[in-house]
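The values are calculated or read from the model by the stated rules, or taken from the named source; none is laboratory data. Since the model is a prediction, treat every value here as computed from it, not as a measurement. Cβ sites come from the backbone with ideal geometry, for glycine too, and all protein chains shown count toward neighbours. Quick note on the areas: whole protein, heavy atoms, side chains included, nothing else; ligands and nucleic acids left out. Shrake-Rupley method; radii C 1.70, N 1.55, O 1.52, S 1.80 Å.
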Amino acid sequence: MDILRLITAGSVDDGKSTLIGRLLYDSKSILQDQLEVLEKHSKNKNDDGVDLALLTDGLRAEREQGITIDVAYRYFSTSKRKFIIADAPGHVQYTRNMITGASNSDLMVILIDARKGVIEQTRRHSIIASLLKLKKVAVAINKMDMVDYSEDVFETIKADYSKIAEELGLNDVTYFPISALKGDNIVSLSPVTDWYKGSSLLEYLEEVQLDQVQNNGSRFQVQYVIRPQTEELHDYRGYAGQIVSGSFQKGHKIAILPAGIITEISAIEVNGAEVQEAFEGQPVVIQIKEDIDVSRGDFFTSAEELPNVEKEIEVLLCWLDHKALQPGNKYLLQHHSRQLKAVIKQVDYKINVNTLEKETAEEDIQLNEIAKVTIRTAQPLVFDDFISNKKTGSAILVDETSNATVAACIIQ
């Protein structure tokens, strides 16, 4: 069976944790001892006598406040597919946690409170889905039981969100009228929404076709240089790491970047055994013909499909720090295992999450704001643009003094 990785997104109290709890509960993915603990600690009980949100709200602070703070991952399966669900926090100050969960997801489920409609957080999460190139979005209009399962309310919210989706280029959006608390249209269709002719949310998740992410180019980044220097392996020199994208074959010509040296692969090892070819995601040790100075963070790439090697890059970033971003600020750019000193050369514009328009950044970029900036690095950076290769087209900015992650970057 294949695995669907999805993330739930929405504002505070939209019912994300309850929705995931309902999926786990109704699909019989809860063990008996978990159910007993759930019944014991439940305060906000539903018709089944349990508080389903407790299944994902694992931190004590979350249970006490009834909110989600950290990203919680839950696993379950049906006869058709396995699922990994990321329950992301809804509070604005935890947007960084939401980006973490979304970066590894195939699909986003955006919850909208039927009483409130489309709000600022809906737009912010939709922008993140667009920036991360999540091609499929499920919009679950929740708490339909509180608006008497009104078709007019559902259609109005659907029309409002369709405008946002069109502006952001989210072309594959499916809408569901649900009640996570009551279980309407979650696992099976509910008779109280007889006007709704689509599938239940779980049926959709089981059947939705996953687009194969095409990361262009063969890319391998050195994480460790192996030099045993023993009598048996006196001249051995291997380069360990994981193949970021594509594949590598023994005998193929490669470029070592950023130096720009062309050489040939003499051997590839996987789990200590030599192989002719290795593929994306595999941890390998690669040996090359020439004795070349190669360091941690250097890239091996196919000689025919070269990435960009530049000292200046344009990125879209979500600012994650309480201290504002200003032109001239210095940071460390972390790009997989390579870390470079970097400076913010200029802020080109920021995105207004309410109007989705590009605005001149007259003031500093604040926490959770999304902006396009130009970054200059001390040494050349080896990268692809995010559209052609997600793996080598993303990076983070790190504060030099606190070592805190201050921005998630998508390289343009």
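Tabulated data
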read-out: Residues of region 110-151 classified as small (Gly, Ala, Ser), open to solvent by 20 Å² or more (accessible area, probe 1.4 Å) and in contact (Cβ under 8 Å) with a residue 60 or more places away in the chain, total; value: 0
read-out: Number of positions in region 160-205 that are touching a Pro at 6+ places or on another chain (Cβ under 7 Å) and outside any loop (DSSP other than H, G, I, E, B); value: 1
read-out: Hey, TYR175 open to solvent by 10 Å² or more (accessible area, probe 1.4 Å), aromatic (Phe, Trp, Tyr) and more than 24 Å from THR355 (Cα to Cα) or not; value: no
read-out: Residue within region 381-394 that is charged (D, E, K, R), modelled with pLDDT under 90 and buried (at least 16 other Cβ atoms within 10 Å of the Cβ) present; value: yes
read-out: Lone unmet requirement of (1) in contact with a strand residue (DSSP E or B) (Cβ under 7 Å, 6 or more places away or on another chain); (2) under 28 Å from GLY117 (Cα atoms) for GLY217; value: (2)
read-out: Residues located in region 270-302, provided they are among the small types (Gly, Ala, Ser) and surrounded by 15 or more Cβ atoms within 10 Å (Cβ to Cβ); value: ALA278, GLY297, SER302
read-out: Of all residues in region 64-87 being open to solvent by less than 50 Å² (accessible area, probe 1.4 Å) and under 18 Å from TYR204 (Cα atoms), the one that is modelled with the lowest pLDDT; value: ALA86
read-out: Selected residue (only one of THR377, THR355 is among the hydroxyl-bearing types (Ser, Thr, Tyr) and out of contact with any strand residue (DSSP E or B) (no Cβ under 9 Å at 6 or more places or on another chain)); value: THR355
read-out: Condition met for GLU264 (open to solvent by 30 Å² or more (accessible area, probe 1.4 Å) and either at pLDDT 90 or above or not in a loop (DSSP other than H, G, I, E, B) (or both)); value: yes
read-out: Top-ranked residue in region 353-380 [being more than 27 Å from THR301 (Cα to Cα), among the charged types (D, E, K, R) and in a strand (DSSP E or B); ranked as least open to solvent (accessible area, probe 1.4 Å)]; value: LYS372
read-out: Candidate set: region 224-242, residues that are at pLDDT below 95 and among the aliphatic types (A, V, I, L, M); chosen: the one nearest to ASP293 (Cα to Cα); value: VAL225
read-out: All positions within region 178-201 that are open to solvent by 10 Å² or more (accessible area, probe 1.4 Å) and under 25 Å from MET1 (Cβ atoms); value: GLY183, VAL187, SER188, LEU189, GLY198, SER199
read-out: Which listed residue is of a type in the set (Asp, Glu), under 27 Å from the mean Cα position of the chain (by Cα) and assigned to a loop (DSSP other than H, G, I, E, B), from ASP211, ASP235; value: ASP211
read-out: Selection from region 242-276 of residues that are touching a residue at least 40 places away in the same chain (Cβ under 8 Å) and within 31 Å of the chain's Cα centre (by Cα); value: GLN242, ILE243, VAL244, SER245, GLY246, PHE248, ILE254, ALA255, ILE256, LEU257, PRO258
read-out: Hits in region 258-298 (condition: among the aliphatic types (A, V, I, L, M) and over 18 Å from ARG237 (Cα atoms)); value: ALA259, ALA278
read-out: Of all residues making up region 341-356, the number that are at pLDDT 85 or above and more than 12 Å from ILE396 (Cβ to Cβ); value: 10
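Residue-by-condition table, conditions (1) at pLDDT 80 or above; (2) assigned to a helix (DSSP H, G or I):
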{"position": "ASP33", "(1), (2)": "no, yes"}
{"position": "ASN44", "(1), (2)": "no, no"}
{"position": "ALA61", "(1), (2)": "no, yes"}
{"position": "PRO89", "(1), (2)": "no, no"}
{"position": "ARG96", "(1), (2)": "no, yes"}
{"position": "MET108", "(1), (2)": "yes, no"}
{"position": "LYS116", "(1), (2)": "yes, no"}
{"position": "LEU134", "(1), (2)": "yes, no"}
